[in-house]
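The values are calculated or read from the model by the stated rules, or taken from the named source; none is laboratory data. Only a predicted model underlies this, so the values are computations on that prediction, with no experimental measurement involved. Virtual Cβ from ideal backbone geometry, glycine too; neighbours counted across all protein chains shown.
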Amino acid sequence: MSRPPKPANQTPVDQVLAALVDPTRRQAFELLVDNSPATATGLSAVLGVSRQAASKHLLQLVDSGLASTERSGRETLYRADTSGLEPLVTWADQTAQLWSRRLDRLSEM
């Protein structure tokens, strides 16, 4: 299955946010967190999409570092990789600290 190339200037945070912005993909990630490993066929029934659509969503999770794959016979098993959330968590912490300092300075005025 051919995948479109990632934009060259996309940061790891951009990749995670782009993967999780889609509600179906976010649901697929949540299902993988709770039910790994899973197949595209198995997830498609829960997500209410075709196997091909589920597979595309899962591949985007893999590309963003939020899931990994493993072959088992003719099936591809997908597993959540929550360590892929680290760039987003780091960015959110840094942003929270920045705004906390700014708000502290405002309250001192």
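For the range 56-109, the set of residues classified as in contact with a Gly (Cβ under 9 Å, 6 or more places away or on another chain), touching a residue at least 40 places away in the same chain (Cβ under 8 Å) and in a helix (DSSP H, G or I) consists of Leu61, Gly84, Leu85, Pro87, listed by residue number. Of the residues that sit in the range 69-109 and are crowded, with 17+ Cβ neighbours inside 10 Å and hydroxyl-bearing (Ser, Thr, Tyr), which one is farthest from Ala28 (Cα to Cα)? Among those residues, the one meeting the criterion is Thr76.
For every residue, the table says whether it meets (1) at pLDDT 95 or above; (2) surrounded by fewer than 13 Cβ atoms within 10 Å (Cβ to Cβ); (3) in contact with a Lys or Arg (Cβ under 7 Å, 6 or more places away or on another chain).
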position	(1), (2), (3)
Pro5	no, yes, no
Leu32	yes, no, yes
Ser36	no, no, yes
Ala53	yes, no, no
His57	yes, no, yes
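When the range 7-30 is limited to residues that are of a type in the set (A, V, I, L, M) and assigned to a loop (DSSP other than H, G, I, E, B), the one that is modelled with the lowest pLDDT turns out to be Ala8.
Taking the listed residues Thr11, Thr39, the one that is closer than 29 Å to Thr95 by Cβ and either touching a strand residue (DSSP E or B) at 6+ places or on another chain (Cβ under 6 Å) or polar (S, T, N, Q) (or both) is Thr11, with no other qualifying. Within the range 46-63, the residues that satisfy the criterion of being within 15 Å of Leu32 (Cα to Cα) and of a type in the set (A, V, I, L, M) are Val46, Leu47, Ala54, Leu58, Leu59, Leu61, Val62.
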